[in-house]
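Here it is, the structure, as structure tokens.
The values are calculated or read from the model by the stated rules, or taken from the named source; none is laboratory data. Because the structure is a prediction, the values reported are computed rather than measured. Reconstructed Cβ throughout: ideal geometry from the backbone, glycine too, with neighbour counts over all protein chains shown. Each accessible area value is taken on the protein alone, full model and side chains, heavy atoms only, with ligands, DNA and RNA left out. Shrake-Rupley method; radii C 1.70, N 1.55, O 1.52, S 1.80 Å.
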Amino acid sequence: MEQTEYDVIVIGAGVGGSNVALELARAGWRVLVLEAGRYYSRRSYPRGELDGNAQLFWNGGMELNRSATLALLRAKVVGGGSIVNQALLDEFDHDALDDWRQLTGMDLFSETGMRPWYERARAALQIQTVPLAHANRNARLFADGFARCGFQCAPLERGEADCGHGDGNDCIECLYGCRRDSKQSTPMTSLKGALEAGAQLLPECEVLGIEEVGQGVRVHGRLAGGRRLLWQTRSVVLAAGAVGSTGLLLRSGYAERLPRLGQRFFSHPQYMYYARYREPVDAHRGPLQSYKSADAGFRRQGFKLENVFAPPVGTALLLPGSGAPHQQRMRQLRHFACIEVAVRDTAPGRIGLDRHGRPLIDKELDSEDRRRAAAGRRAVEAIFEATGAEAVLPGRFGICLHLMGGLTLGRNAATAVVGADFRLFGSPHVYVADAGLFPSAPGINPSLTIMALGRRVAARMLEDRP
Ligand SMILES: Cc1cc2nc3c(=O)[nH]c(=O)nc-3n(C[C@H](O)[C@H](O)[C@H](O)COP(=O)(O)OP(=O)(O)OC[C@H]3O[C@@H](n4cnc5c(N)ncnc54)[C@H](O)[C@@H]3O)c2cc1C
């Protein structure tokens with residue numbers, strides 16, 4: 001048993017965990033943050049896509065759903081998803097908040113209810129509109145196609161300080177950690193603040209299980225070298241991400257007590273479409289993304305479009321074919337543009353465990369979700385056609401970057417896992433502060449809301465135990 005006493009152990013140093021740790025450390029709590037991934041700085045991020053996949057993600061960069069039709073990307077690094085994501089930061093609209101209010105009965109989910117928490121989250125960040133002066137040809141084709149088809153698009157809001165586009169910086173690289181310290185990842189923002197306020201961080205420590213005992217919780221961890229550690233703490237915050245936190249509870253024997261554990265898993269399945277143009281597009285240059293769809297019709301139909309691209313290994317996995325024809329396509333990489341359809345999925349999946357205790361994801365699109373994906377595909381094809389693409393190549397499988405649910409907020413244990421006080425039903429000392437809380441798919445980038453909820457969870461913990 002470790003001798004140091006902590007008021008709270010936060011499991012996971014990602015988006016939710018860093019924000020909760022900051023508020024509690026500033027309130028004077030003794031906070032320990034445990035993170036399975038390694039700590040990197042701008043000087044030590046892996047160089048190159050293959051090393052990035054191997055070192056910054058669980059299971060080498062990609063996990064698959066049971067039917068191998070969807071690839072899930074789950075960060076494993078101090079900073080969690082904020083290190084590898086695109087830092088696109090959006091607040092939820094009425095539609096998403098109304099749905100959540102209805103599902104949970106919580107007044108928090110309204111524009112006024114969320115306002116103070118969004119403001120607190122924003123205060124720790126620099127958020128900018130991606131400067132259109134440096135938009136690359138991939139972005140310009142996107143905007144041009146939208147205009148020609150009569151669709152609405154808008155510039156993206158991004159957590160960034162100074163990306164140096166004027167100096168010719170190419171932002172695609174920051175999918176494996178930002179070497180300029182421009183991207184507003186949590187080690188640059190909330191986690192940094194938490195550590196400055198006295199929180200302690202132990203990287204490369206995977207939490208294997210938790211056990212509620214008496215007036216607290218025991219946390220079992222394992223260091224990368226294999227050494228086992230055990231802590232006793234007053235309270236625990238699960239912030240290991242939707243899949244990580246759910247898996248941890250399943251391994252800790254909570255399935256019987258919490259019948260909805262692992263259910264209502266959503267992931268905004270994304271489908272990338274490549275198009276070949278006669279002139280080079282050079283989609284890898286400058287800002288990786290500049291525009292998103294802002295079309296009320298798309299929102300009603302349950303999808304959105306983003307102008308995006310993937311590094312070469314990712315693109316090679318997505319492009320169809322094999323052998324010489326595939327190689328020929330890869331040689332034309334500079335001529336490809338790309339648009340992604342992100343589906344606001346309605347068919348819930350399920351997070352379980354395989355016989356080795358690893359996450360097993362059952363997730364499929366139902367007919368409604370397929371209809372949404374098809375409507376998005378039609379819009380993408382119209383845009384490519386209107387801008388003179390020579391050929392359109394759909395990606396071979398869907399990608400899930402927004403992993404949500406499994407520990408959903410709700411009214412009672414018959415329908416959900418976590419109550420309005422952000423505690424597991426029946427567990428006074430175990431709180432949740434990650435995307436696992438999401439009761440449905442918002443169809444909007446989730447990070448800013450995860451940060452805001454992290455702040456709200458911490459405030460609730462301080463009310464429970466000042
Ligand atoms: C490529 C990519 C691009 C994205 N782009 C955007 C974007 O532009 N905008 C946006 O809003 N969202 C984006 N996302 C999604 C966003 O990053 C996630 O939704 C967000 O990070 C989830 O936050 P979280 O707190 O739930 O979990 P995470 O941020 O994933 O943090 C969980 C942490 O817990 C750790 N952990 C897990 N299990 C254990 C354990 N047993 N013991 C100890 N530690 C553990 C993990 O290693 C991880 O570091 C993107 C994601 C990816 C992969």
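Given the conditions (1) within 24 Å of residue 10 (Cβ to Cβ); (2) away from the ligand (no atom under 16 Å from the Cβ); (3) surrounded by fewer than 19 Cβ atoms within 10 Å (Cβ to Cβ), which single one is not true for residue 104?
It is condition (3) that residue 104 fails.
Right, something else. For the stretch 164-181, how many residues meet the condition of being more than 14 Å from the ligand (Cβ to nearest atom) and either hydroxyl-bearing (Ser, Thr, Tyr) or open to solvent by less than 20 Å² (accessible area, probe 1.4 Å) (or both)? Reasoning before the result, please.
As a first pass, look at the stretch 164-181 and keep what is more than 14 Å from the ligand (Cβ to nearest atom): 164-170, 179-181.
Imposing the further condition that a residue be either hydroxyl-bearing (Ser, Thr, Tyr) or open to solvent by less than 20 Å² (accessible area, probe 1.4 Å) (or both) reduces the set to 164.
Number of matching residues: 1.
Here is a follow-up. Looking only at the stretch 224-237, filter to residues that are of a type in the set (A, V, I, L, M) and either outside any strand (DSSP E or B) or within 11 Å of the ligand (Cβ to nearest atom) (or both); which one of those is modelled with the highest pLDDT?
Checking each candidate, the answer is 237.
Taking into account only those residues within the stretch 43-58 that are surrounded by 15 or more Cβ atoms within 10 Å (Cβ to Cβ) and of a type in the set (S, T, N, Q), which is nearest to residue 204 (Cα to Cα)?
Looking at residues that are surrounded by 15 or more Cβ atoms within 10 Å (Cβ to Cβ) and of a type in the set (S, T, N, Q), I get 55.
Within the stretch 116-141, track down each residue that is more than 17 Å from residue 287 (Cα to Cα) and not hydroxyl-bearing (Ser, Thr, Tyr).
Here is the first cut: in the stretch 116-141, the ones more than 17 Å from residue 287 (Cα to Cα) are 116-125.
Scanning the stretch 116-141 gives 116, 117, 119, 120, 121, 122, 123, 124, 125.
Next up: Got a sec? Which strands (runs of 3 or more DSSP E) wholly within the stretch 309-414 have at least 3 residues that are at pLDDT 95 or above and closer than 22 Å to residue 283 by Cα?
Correct list: 336-343, 391-394, 398-400.
Just name the residue that is farthest from the chain's Cα centre (by Cα) out of those in the stretch 430-466 that are farther than 27 Å from residue 87 by Cα and open to solvent by less than 20 Å² (accessible area, probe 1.4 Å).
For the stretch 430-466, the residue satisfying everything is 461.
Which of the residues belonging to the stretch 210-260 are polar (S, T, N, Q) and under 20 Å from residue 407 (Cα atoms)?
Within the stretch 210-260, the first condition is being polar (S, T, N, Q), and the residues that meet it are 215, 232-233, 235, 245-246, 252.
Residues satisfying the conditions are 235, 245, 246, 252.
Residue 299 fails exactly one of the following numbered conditions: (1) within 21 Å of the chain's Cα centre (by Cα); (2) open to solvent by less than 50 Å² (accessible area, probe 1.4 Å). What is the number of that condition?
With (1) within 21 Å of the chain's Cα centre (by Cα); (2) open to solvent by less than 50 Å² (accessible area, probe 1.4 Å) applied to residue 299, the lone miss is (2).
Scan the stretch 145-157 and give yes if some residue there is in the same structural domain as residue 344 (by TED's automatic domain parsing) and within 12 Å of the ligand (Cβ to nearest atom), otherwise no.
Yes.
Please identify the pairs in which a residue from the stretch 32-55 that is of a type in the set (Val, Ile, Thr) and modelled with pLDDT of 95 or more has its Cβ atom under 7 Å from the Cβ atom of a residue that is within 12 Å of the ligand (Cβ to nearest atom) and not in a loop (DSSP other than H, G, I, E, B), counting only partners at least 6 apart or on another chain.
33/10; 33/17; 33/21; 33/201
Right, something else. Can you tell which of 71, 124 is at pLDDT below 95, in contact with a Gly (Cβ under 8 Å, 6 or more places away or on another chain) and of a type in the set (A, V, I, L, M)?
Values: 71 fails: at pLDDT below 95.
One residue alone meets the criteria, 124.
Something else: Would you check if residue 218 is at pLDDT 95 or above, within 16 Å of the ligand (Cβ to nearest atom) and open to solvent by 40 Å² or more (accessible area, probe 1.4 Å)?
For residue 218, the condition - at pLDDT 95 or above, within 16 Å of the ligand (Cβ to nearest atom) and open to solvent by 40 Å² or more (accessible area, probe 1.4 Å) - is met.
Name every residue in the stretch 114-153 that is within 21 Å of residue 19 (Cβ to Cβ) and either open to solvent by less than 20 Å² (accessible area, probe 1.4 Å) or in contact (Cβ under 8 Å) with a residue 24 or more places away in the chain (or both), in order of residue number.
Selection gives 114, 117, 118, 120, 121, 122, 124, 125, 126, 127, 128.
For the condition modelled with pLDDT of 95 or more, away from the ligand (no atom under 16 Å from the Cβ) and surrounded by 20 or more Cβ atoms within 10 Å (Cβ to Cβ), what is the one hit in 275, 240?
Just one listed residue meets the conditions, 275.
Out of 417, 392, which single residue is more than 16 Å from the chain's Cα centre (by Cα) and within 16 Å of the ligand (Cβ to nearest atom)?
417
Taking the stretch 19-44 on its own, how many of its residues are within 22 Å of residue 229 (Cβ to Cβ) and either more than 8 Å from the ligand (Cβ to nearest atom) or in a strand (DSSP E or B) (or both)? Give the derivation first.
Of the stretch 19-44, the ones within 22 Å of residue 229 (Cβ to Cβ) are 20-21, 24-25, 29-39.
Adding the requirement that they be either more than 8 Å from the ligand (Cβ to nearest atom) or in a strand (DSSP E or B) (or both) leaves 20-21, 24-25, 29-34, 38-39.
Of the residues in that region, 12 qualify.
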